[in-house]
């Protein structure tokens with residue numbers, strides 16, 4: 001992507017119908033360290049590669065437990081990721097308090113996506129610079145893996161990878177054909 | 001000298017006493033699901049004013065809620081439950097609220113209102129069948145926010161008159177016929193002994209496969 005006159009703020013469209021700020025945010029996800037997720041009927045697994053800012057520092061944590069039935073992996077601006085993690089934990093807690101049951105993963109993911117969309121349509125805000133991969137288990141519908149984009153979209157996947165050099169993981173999973181795998185598959189990746 | 005300032009109509013906005021009230025609601029588990037019964041009276045004090053009041057509300061295909069106490073508050077609660085169901089419908093993800101979740105939700109609503117000293121003047125009974133596990137569920141929530149679950153539940157006068165019968169004769173593996181006749185016996189006792197009751201009643205049942213059925 002080259003710098004151009006339509007990329008100053010998120011409320012400007014380009015003549016080709018693109019919002020560059022959002023695409024730049026997604027670029028930040030691609031530069032982050034890799035995270036991989038996959039599922040079968042009863043398990044959903046996520047794995048990340050931890051990076052350390054320098055040789056002397058500790059590795060940055062990128063997987064967070066949201067609730068007993070749900071966890072996320074982030075790629076990109078980890079600070080943004082922690083904010084979303086806090087939001088998700090809060091929503092899950094509130095749901096548990098009111099309904100005494102686990103929050104359906106799909107609904108929480110949808111709420112996060114709607115929250116991310118707000119950052120793409122306000123002149124005083126910026127998009128979240130983090131890709132969120134959620135792995136969760138609903139009693140009603142089984143295991144799920146979702147991907148949340150800075151653009152405010154979310155997608156459900158059987159298997160997915162994000163971050164730098166994630167294409168290799170994606171190709172490997174496509175070729176191998178995901179479906180009956182369990183925890184071992186994610187370890188292999 | 002302390003001067004307390006209250007908005008002028010603060011007192012008018014709290015429920016101080018119920019006006020049009022419903023009578024007991026009874027619910028028992030049986031082999032195939034749950035059974036709920038109540039009469040169709042909306043009493044205005046001692047006057048038997050409204051004789052065709054539906055006090056059982058179908059929330060979704062797996063749950064029904066019955067109420068005794070202030071009818072207008074029950075209508076408000078029915079509205080809230082309908083909003084929840086509509087939300088589920090709009091999500092369109094196959095996830096619907098289970099009886100347990102609805103019970104927990106109503107507990108929180110009623111308890112919060114009681115904490116504001118503005119209660120919803122109802123005793124609610126939530127009954128249904130959990131679609132995943134096929135387990136029957138009966139729960140009760142009072143206007144003070146007290147809640148519990150059991151195999152048989154009754155509100156208002158039913159607590160004193162019907163529950164002894166339930167304790168003696170109700171079993172979780174009763175057949176539908178046995179359950180209906182036990183319920184009718186309980187209703188008969190209530191009609192004899194409770195002064196604000198009429199002999200018109202409805203039965204509602206929830207079963208795992210067939211869902212909700214409410215008689216006329």
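Quick note: the coordinates plus some simple rules give every number you see, no bench work behind them. The structure displayed is predicted, hence computed values, not measured ones. Quick reminder, even Gly has a Cβ in these numbers, built from the backbone with ideal geometry, and neighbours come from all protein chains shown.
Numbers below:
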| quantity | calculated |
| --- | --- |
| Computed label-point distance, nm, for sites residue A:176 and residue B:209 using a 7 Å Cα→Cβ extension | 4.3 |
| Max mean-square fluctuation residue, GNM over chain A, Cα-Cα springs under 10 Å, options A:38, A:108, A:56 | A:56 |
| Extension reserve of the residue B:51-residue B:112 stretch, reckoned as 0.36 nm per residue once the Cα distance is removed | 18.8 nm |
| Chain B, helix-only ellipticity at 222 nm - DSSP H runs n ≥ 4, -39,500 (n - 2.57), divided by all residues, nearest 500 | -10000 deg cm²/dmol |
| Estimated inter-spin distance, residue A:114 and residue A:98, nm [label 7 Å along Cα→Cβ] | 1.1 |
| Segment B:84-110 versus segment A:77-107: alpha-carbon centroid distance in Å | 17 |
| Efficiency of FRET from Cβ geometry, residue A:56 and residue B:79, R₀ 45 Å, rounded to 0.05 | 0.15 |
| Three-way shape call for segment B:56-104 based on the alpha-carbon gyration tensor, with the a/c threshold at 1.5 | prolate |
| Where only alpha carbons of segment B:72-140 are counted, the Rg and the Dmax (Å) | 13.1, 38 |
| Relative contact order (%) - chain A, alpha-carbon pairs under 8 angstrom, separation at least six | 29 |
| Segment A:13-52 versus segment B:136-207: alpha-carbon centroid distance in Å | 56 |
| Max mean-square fluctuation residue, GNM over chain B, Cα-Cα springs under 10 Å, options B:70, B:168, B:82 | B:168 |
| Cβ-based exposure ranking for B:202, B:64, A:72, in which fewest neighbours within 10 Å come first | B:202, B:64, A:72 |
| Cα gyration tensor shape of chain B, rounded if a/c is under 1.5, else prolate or oblate by comparing a/b with b/c | oblate |
| Ranking of A:141, B:136 by count of other Cβ atoms within 10 Å, fewest first | A:141, B:136 |
| FRET efficiency, residue A:155 to residue B:175 (Cβ-Cβ, R0 45 Å, nearest 0.05) | 0.35 |
| Chain B: angle of helix B:99-115 to the longest principal axis, Cα-based, in degrees nearest 10 | 20 |
| For the protein assembly as shown: rounded, prolate or oblate by the Cα gyration tensor [a/c cutoff 1.5] | prolate |
| Averaged over B:87-97, number of beta-carbon atoms from partner chains that fall within 10 Å | 3 |
| Förster-model FRET efficiency, 60 Å R0, residue B:189 and residue A:27, C-beta, rounded to 0.05 | 0.20 |
| Chain A: angle of helix A:20-31 to the longest principal axis, Cα-based, in degrees nearest 10 | 50 |
| Over chain B, relative contact order from alpha-carbon pairs under 8 Å, at least 6 apart, % | 29 |
| GNM top mover of A:102, A:116, A:25 - chain A, alpha-carbon springs below 10 Å | A:102 |
| Tail weight of P(r) past 14 Å, computed on alpha-carbon pairs of segment B:104-165, percent | 59 |
| Within segment A:114-137: backbone nitrogen closer than 15 Å to the residue A:8 label point (7 Å, Cα to C-beta) | A:123-124 |
| Ranked A:149, B:95, B:90, criterion: other C-beta atoms within 10 Å, fewest first | B:90, B:95, A:149 |
| Three principal axis lengths of segment A:24-87 [C-alpha, angstrom, descending] | 39, 28, 21 |
| Acute angle (nearest 10 degrees) that the helix A:105-118 long axis makes with the longest principal axis of chain A, alpha-carbon atoms | 10 |
